[in-house]
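So the structure is just underneath, and the comments pick up after that.
The values are calculated or read from the model by the stated rules, or taken from the named source; none is laboratory data. What you see is a predicted model, and the numbers here were worked out from it, not measured in a lab. Every residue, glycine as well, gets a Cβ built from its backbone with ideal geometry; the counts of neighbours run over all protein chains shown.
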Amino acid sequence: MAKQLVGQAKFQIPGGQATPAPPVGTALGRYGINLGQFVQAFNDKTREAQGMMIPVIVSVYSDRSFDFIMKSPPAAVLLKKTAGLAKGSGVPNKTKVGKVNRAQLEEIANTKMADLNARDLDHAVRMIEGTARSMGLVVEG
């Protein structure tokens, strides 16, 4: 008999820094899975992305086993890292806080391509470009 899906939880955790504290504990505790086992598995898989926010979807089954899917980091996080910013602009249409060029946008789009709803790289770059503008970044070239 196949495992029966009991529930799913979605949250974002810094890579390599998961702990049983919230958001992991609050999202997964109600399903009764071993939090230490999840934390260990997640930290091992995300050791190279130290500190980068990683979205994760955890599927919990009736026998209290689980598996998880990691997504690429949010576009805003990648843009802030590329531009060297702590945060985006509070008023992006008036206050510009940094600059990114087309090559940097293409690199971010390649990273996120699997998670974007875009038919080709050009459309993915345009999506990332929109996120950059809404953060107060100037897109060059």
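Considering the stretch 102-123, and only residues there that are over 16 Å from the mean Cα position of the chain (by Cα) and either among the hydrophobic types (A, V, I, L, M, F, W, C) or at pLDDT below 85 (or both), the residue that is nearest to residue 84 (Cα to Cα) turns out to be 105. Evaluated against (1) more than 19 Å from residue 134 (Cα to Cα); (2) in a loop (DSSP other than H, G, I, E, B); (3) without any contact (Cβ under 8 Å) to a residue 24 or more places away in the chain, residue 86 falls short on exactly one condition, (1).
Of all residues assigned to the stretch 76-92, at least one qualifies as being modelled with pLDDT under 85, under 19 Å from residue 14 (Cβ atoms) and aliphatic (A, V, I, L, M). What about residue 125, is it outside any loop (DSSP other than H, G, I, E, B) and crowded, with 17+ Cβ neighbours inside 10 Å? Here the answer is yes, as residue 125 does meet what is asked.
In this structure, does residue 99 turn out to be basic (Lys, Arg), outside any helix (DSSP H, G or I) and modelled with pLDDT of 85 or more? Here the answer is yes, as residue 99 does meet what is asked. You will find that of 48, 107, the residue that is among the acidic types (Asp, Glu), touching a helix residue (DSSP H, G or I) at 6+ places or on another chain (Cβ under 9 Å) and assigned to a helix (DSSP H, G or I) is 107 and no other. Of all the residues in the stretch 53-83, those that are outside any loop (DSSP other than H, G, I, E, B) and closer than 30 Å to residue 140 by Cα number 12. For the stretch 23-41, the set of residues classified as surrounded by 13 or more Cβ atoms within 10 Å (Cβ to Cβ) and either under 12 Å from residue 9 (Cβ atoms) or in contact with a Leu (Cβ under 6 Å, 6 or more places away or on another chain) (or both) consists of 23, 24, 25, 27, 28, 29, 31, 33, 35, 38, listed by residue number. The selection criterion, being under 14 Å from the mean Cα position of the chain (by Cα) and modelled with pLDDT under 85, does not hold for residue 12.
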